[in-house]
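Step one of this worksheet: look at the structure below.
Since every read-out is calculated from the coordinates, none of them should be taken as a lab result. None of the values given here were measured: they were computed from a predicted structure. We place every Cβ from the backbone using ideal geometry, glycine too, and count neighbours over all the protein chains shown.
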Amino acid sequence: MAVTIRTNTKNNSFWDEWSTLFDAVIFDADAQRNKYDDIVTAITMEKKSSRWGEKSIVMGGLGDFQAKTEGAAATQDTFTQGYEKFVQHATFALEVEISKELKDDNMIDDAKQKVINMVQAYKRTRAKLATAAITGAVGAATSVSFNGATIDVTCGDNLALFNEAHTYANTTGTQCNYFSDVLGSTTAVLNKAANKMRNFKDDRGEVLGYLADTIIIPGNDPEYEDFVKRVIGTDGEVGSDHNDINTQRGKWKLVVDPLWTPTISATNHPIIIYSSEALKALQGVKFYDRTALDIENDVDVHSRNLTYNGFARMSITFPNWRHAMLIGDSNSSTTL
């Protein structure tokens, strides 16, 4: 993400040495990937932006090849435009101080931790934004509140990412990617969900055929975490002494999102299923970094503290929904 640092302590005999050390610490902390970076990478497509906002246009594929007689011209087709989606970037900022007393007492390790925590807070904010938007884009929701910003969580059809009646841009009918079925202790629901995703249609009504390969579960559901790990790693049929093979083995990637903590009950065990291929091909979730972490430091003349001010602009948007499915949500009235 390449953090930017603007240092205003040059020729400051008191703070200059420490400021130089802190710059190195910040660059190192930014370069090291952590669990927050992994969450954003797993559930979004990370993009850079040089504008105040971005518009995405969903484009459908071409129709089928048509027969023709010898020497005749081929049937000409055109790409079909689907829905459009626009997102404006939000600005986030945070400030931290290193006191003169900390410098007087040479508590450099404690001071380093403060600037490291600023980098970690930035990375955590990115992951929280992605998680809040995706897991909040359910049913009738059109936006979620995040750290003082209002985040649009609708797709191009003006419906939440997970909805029971997504519309087509160029034909009639609806499609659902939001179901109440809980996973349970067998692979039956998982098989149904994967089959349903494979049969999602584009805006022309053509079956897309994308394979589901990622399971995202909340960080507060150890029962399902254990079950899914056995499902994707066991040779034989899970929970059985049968000799049948486990048809799910090697098919799935598991993502445990500790920032997603819904209420868990017998009828509410939400999990999200992704097709990583569809996520990329359909541009399903875009996470824009308009301004990566930008840090400026200066000395406050009133307190004599060294102040670090962090600034960033980012956004998340859902141009398409066909890469994702939410199941196990008791608020849905639809079953697989």
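Assorted remarks:
- Label-zone membership for segment 4-45, site S276, 7 angstrom Cα→C-beta point, backbone N under 11 Å: 42-43
- Annotation: lysines with alpha-carbon distance below 18 angstrom to K47 (same-chain offsets under eight excluded): K55, K85, K123, K128, K280, K286.
- Out of every Cα-Cα pair that the chain contains, those further apart than 30 angstrom amount to 47 percent.
- Across segment 1-67, the volume of the C-alpha convex hull divided among the residues equals 165 Å³ per residue.
- Highest GNM mean-square fluctuation among Q175, Q88, Q32, for the chain modelled with Cα contacts below 10 Å: Q32.
- Computed [θ] at 222 nm, helices only, for the chain once each DSSP H run of length n ≥ 4 contributes -39500 (n - 2.57): -8000 deg cm²/dmol
- For the pair Q113 and T142, the difference between a 0.36 nm per residue extended length and the Cα-Cα distance amounts to 6.6 nm.
- On the principal axes of its alpha carbon atoms, segment 55-123 extends 89, 22, 13 Å, with the longest extent given first.
- Between E296 and K55, the C-beta separation translates, for a Förster distance of 25 Å, into a calculated FRET efficiency of about 0.20.
- Against the empirical 2.2 N^0.38 Å (N residues), segment 112-212 has a Cα radius of gyration ratio of 1.41.
- More than 24 Å apart - percent of Cα-Cα pairs taken over segment 1-143: 56
- On the beta carbon distance between L336 and E84, with R0 = 30 Å, the FRET formula returns roughly 0.50.
- Its Cα gyration tensor gives segment 124-170 an equivalent ellipsoid. The semi-axes, each the square root of 5 times an eigenvalue, are 22, 9, 9 Å from largest down.
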